[in-house]
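Engineer: Handing you a structure now.
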Amino acid sequence: MRGSRVAAFDALKIDQICEARVALEKIAVRGAMATCRAHPERLQVLDRLITAMVRAGQQLDWAAISKADLEFHRELCRMSGNPVIATLWEALARHVLIVFGTEIRGEQDVASLGPQHRRLRDMLLAADRSAMDEEIERHILRLRTPGRQP
């Protein structure tokens with residue numbers, strides 16, 4: 001059979017992807033915080049991605065929203081300065097994109113995505129690692145199956 005297929009992920013697989021992503025991005029933001037303090041101009045990339053996400057949201061273009069969202073988190077991993085984290089993110093990214101595709105999204109979700117990512121961006125400069133770890137976890141685990149424990 002020809003054509004493309006999208007892998008079907010059950011609730012357990014989605015939870016496992018989210019858990020791995022939380023661990024990876026908590027490590028990434030440590031380095032990203034230091035990068036942003038030393039080179040605040042790097043935040044301009046995140047700003048452009050947030051703008052793209054918001055614009056795509058105004059059109060309810062979920063593919064473009066997902067692309068900008070994925071690129072935002074990819075950039076966080078790049079900003080970590082840790083090539084192992086960046087490589088691991090690439091291995092996980094295609095799974096994250098599939099998880100994005102399984103989400104049931106509505107206009108309320110669109111309205112929250114820009115502010116969520118802007119908050120993450122702003123927290124990079126605040127350099128409060130504990131608060132950032134909590135925010136990353138909350139942001140990513142929103143995709144978990146309702147009722148499942150972390």
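Engineer: Report, ordered by the first and then the second residue, all pairs with beta carbons closer than 6 Å, sequence separation of six or more or different chains, a first member in the stretch 56-78 that is within 15 Å of Arg42 (Cβ to Cβ) and in contact (Cβ under 8 Å) with a residue 12 or more places away in the chain, and a second member that is of a type in the set (Gly, Ala, Ser) and in a helix (DSSP H, G or I).
Structural biologist: So the pair list comes out as Leu76/Ala28; Leu76/Ala32; Cys77/Ala28; Cys77/Ala86.
Engineer: Has the stretch 70-88 got any residue that is more than 23 Å from Ile14 (Cβ to Cβ), among the polar types (S, T, N, Q) and either at pLDDT 90 or above or out of contact with any helix residue (DSSP H, G or I) (no Cβ under 9 Å at 6 or more places or on another chain) (or both)?
Structural biologist: Among the residues of the stretch 70-88, at least one is more than 23 Å from Ile14 (Cβ to Cβ), among the polar types (S, T, N, Q) and either at pLDDT 90 or above or out of contact with any helix residue (DSSP H, G or I) (no Cβ under 9 Å at 6 or more places or on another chain) (or both), which makes the answer yes.
Engineer: Same structure again: With respect to Gln16, determine if the residue is surrounded by fewer than 20 Cβ atoms within 10 Å (Cβ to Cβ), under 19 Å from His139 (Cα atoms) and not charged (D, E, K, R).
Structural biologist: yes
The values are calculated or read from the model by the stated rules, or taken from the named source; none is laboratory data. What you see is a predicted model, and the numbers here were worked out from it, not measured in a lab. FYI the Cβ positions are ideal-geometry reconstructions off the backbone, even for glycines, and counts take in every protein chain you see.
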